[in-house]
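Input: a single structure, listed below in structure tokens.
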Number of protein chains: 2
Amino acid sequence: MSFFTSEYECKLDAKGRLVLPAKIKGNLPEASGNELVLRRGFEPCLILYPMVEFKKIYSKISGLNEFNEEYRKLQRNFFKGIATVELDGTGRFLIPKLMTNYAQLQKEAIVVGMGNRIEIWNPEQYDKYLINDPGEFSALAQKYLDA
Amino acid sequence: MSFFTSEYECKLDAKGRLVLPAKIKGNLPEASGNELVLRRGFEPCLILYPMVEFKKIYSKISGLNEFNEEYRKLQRNFFKGIATVELDGTGRFLIPKLMTNYAQLQKEAIVVGMGNRIEIWNPEQYDKYLINDPGEFSALAQKYLDA
DNA sequence: TAGAAAGTGTCATAAAGTGGAGGATTGTGT
DNA sequence: ACACAATCCTCCACTTTATGACACTTTCTA
């Protein structure tokens, strides 16, 4: 069971590689080896899954019958936003160009542990999408987490 | 069942580590080993859970489907404020930089046992959030604790 | 085919994190 | 009040992580 938490300020190197924070890397499931899957988020960010976690989503979406038009449409749009990446010996991976563009990544990135997955954000975008009103957050938490 | 009580004045060392008071440490559930979870409080303080206590919250929030926009928003704001920490052999743990900033912790900290969890405060902030008027405290107690 | 751009790997250094030991202080029981 | 033990706190040494630099390979382009 993956257990990613916390936010980290990370830097991309000149070639667009991101070094995963040690706390994140340490929580990657053994079973996935160095294989990760990168996906375009619905928000302007990237989402990183260990391979085992991604398989769960994959089996759901690839299970949809290809002879259904709406399913095909979903599949097409889903798969186009996916890339598999591999950690190198020092715990880095290259973010494909189109994906850095999509998420507007430059030198700095915010990495957020989201339980079973990891989000990668441009810092300014990230701020925009965070809840700024403590009351709203508190209310949302109460709505879904209340005993 | 955890049972943390009382308040303690503690010091952070040069690296930002906090030594848990013996009374608190003695009440940590065996089942959690040395694993603890730190969370940003809604107030400007940090909240410390033994792992077993936190698991209850975690299973609730990670159970929310990631393809729902509102769930994602909650998850993002929740997880960003979470970090797992581990007690070392001498009962200390490192408070991540971003978290010491959030709670405005410097050398001194107030540690408060809150039953199933522990709060960590900057001393001045703590004073601000305490009830100073005995009458108000009494009224509040009467409102919610009266038979 | 040459040169440029992109991708990959290694290394060095500085910063951050981790662990342990010793002495001061506090608390407890006799 | 005293001795003993537990706790607290500071210091230091070691390990791990982060980051920049650089060089080599592969791919693309003119």
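The values are calculated or read from the model by the stated rules, or taken from the named source; none is laboratory data. Treat the numbers as computed from the prediction; the structure is a model and nothing was measured. Cβ: placed from backbone, ideal geometry, glycine included. Neighbour counts: every protein chain shown.
Which of the residues spanning region A:30-45 are more than 16 Å from DNA strand C (Cβ to nearest atom) and either assigned to a strand (DSSP E or B) or more than 10 Å from chain B (Cβ to nearest Cβ) (or both)?
Passing the criteria: A:Glu30, A:Ala31, A:Ser32, A:Arg39, A:Arg40, A:Pro44.
Restricting region A:103-121 to residues that are among the charged types (D, E, K, R) and within 14 Å of another protein chain (Cβ to nearest Cβ), which is farthest from the chain's Cα centre (by Cα)?
Among them, the one singled out is A:Arg117.
Can you name the number of the only condition in (1) at the interface with chain B (Cβ under 9 Å from one of its Cβ atoms); (2) surrounded by fewer than 17 Cβ atoms within 10 Å (Cβ to Cβ); (3) of a type in the set (Lys, Arg) that A:Lys128 fails?
(1)
Would you please name the residue that is farthest from B:Asn116 (Cα to Cα), looking only at residues in region B:15-29 that are in a loop (DSSP other than H, G, I, E, B) and near DNA strand C (Cβ under 9 Å from one of its atoms)?
Per the criteria, the residue is B:Lys15.
Which condition number does B:Phe137 fail, the rest of (1) within 14 Å of chain A (Cβ to nearest Cβ); (2) part of a helix (DSSP H, G or I) being met?
So B:Phe137 meets the others, but not (1).
Which is crowded, with 21+ Cβ neighbours inside 10 Å and either of a type in the set (Asp, Glu) or facing chain A (nearest Cβ under 10 Å) (or both), of B:Lys73, B:Lys80?
Going through B:Lys73, B:Lys80 in turn, just one is crowded, with 21+ Cβ neighbours inside 10 Å and either of a type in the set (Asp, Glu) or facing chain A (nearest Cβ under 10 Å) (or both): B:Lys80.
Checking the conditions here, which among B:Leu28, B:Leu12, B:Leu48, B:Leu20 is buried (at least 18 other Cβ atoms within 10 Å of the Cβ), at pLDDT 95 or above, within 16 Å of DNA strand D (Cβ to nearest atom) and of a type outside the set (Val, Ile, Thr)?
Exactly one residue qualifies, and that residue is B:Leu48.
Taking A:Glu86, is it within 16 Å of DNA strand C (Cβ to nearest atom), touching a Phe, Trp or Tyr at 6+ places or on another chain (Cβ under 8 Å) and of a type in the set (Asp, Glu)?
yes
Just to verify a result, which residue in region B:51-70, among those that are surrounded by 15 or more Cβ atoms within 10 Å (Cβ to Cβ) and of a type outside the set (A, V, I, L, M), is farthest from the other protein chains (Cβ to nearest Cβ)?
By that ranking, first place goes to B:Glu53.
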